[in-house]
Amino acid sequence: MKLPRNAKILRSPFEMAPFAAVFFLLVIFLLLGALLPTEGIRFRLQPPVAADLPGADQPTVAMAVDSGGRFYFANRIVSEAQLNSSLSNAVKNARAPLTLVIHADKTVTEDQLVRLALLARLAGITNALLATLPGVPAPVRP
């Protein structure tokens, strides 16, 4: 059985309206996808403010602790055991001694900070620094 070949491929003028509609739908989906919640710090950290503090001269590894006492490493909520193993892996993969930078909220107790420093020491990190926001230095009086 032979079918007639009367189909004409792309003989009509090119229409931009369907392509523009698909493009705008794609943009809408991308914008809505950016609003989806992601795992990580749900509350904004408010670190303490300090002026003229030195930085670290060694490679660093960062972690955060919020006012609720939750630990964050690599933008994920981790338990104390997971944090210990993650810090140990970071020490194993590092070429030089690491410095732990703790991004802590103002309301975090000193007990929690000491516990984190001890946890870092068990993982093989000897230096721990508390991250602060830059402050306005006090004026020097003559």
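The values are calculated or read from the model by the stated rules, or taken from the named source; none is laboratory data. Here the structure is a predicted model, which means the values were calculated and not measured. Ligands, DNA and RNA are stripped out before the accessible areas are found, and what is left, the full protein with its side chains, is counted by its heavy atoms. Shrake-Rupley method; radii C 1.70, N 1.55, O 1.52, S 1.80 Å.
For residue 28, state whether it is modelled with pLDDT under 80 and open to solvent by less than 100 Å² (accessible area, probe 1.4 Å). Outline the logic, then answer.
Working: modelled with pLDDT under 80: no; open to solvent by less than 100 Å² (accessible area, probe 1.4 Å): yes.
Spelling it out, it is not the case that residue 28 is modelled with pLDDT under 80 and open to solvent by less than 100 Å² (accessible area, probe 1.4 Å).
Give the range 99-114 a look and list any residue that's open to solvent by less than 60 Å² (accessible area, probe 1.4 Å) and not charged (D, E, K, R), or say none.
The initial filter retains those residues of the range 99-114 that are open to solvent by less than 60 Å² (accessible area, probe 1.4 Å), namely 99-102, 104-105, 108, 112-113.
Residues satisfying the conditions are 99, 100, 101, 102, 104, 108, 112, 113.
Any chance you could count how many residues in the range 63-98 are open to solvent by 40 Å² or more (accessible area, probe 1.4 Å), at negative phi and not small (Gly, Ala, Ser)?
The qualifying residues number 12.
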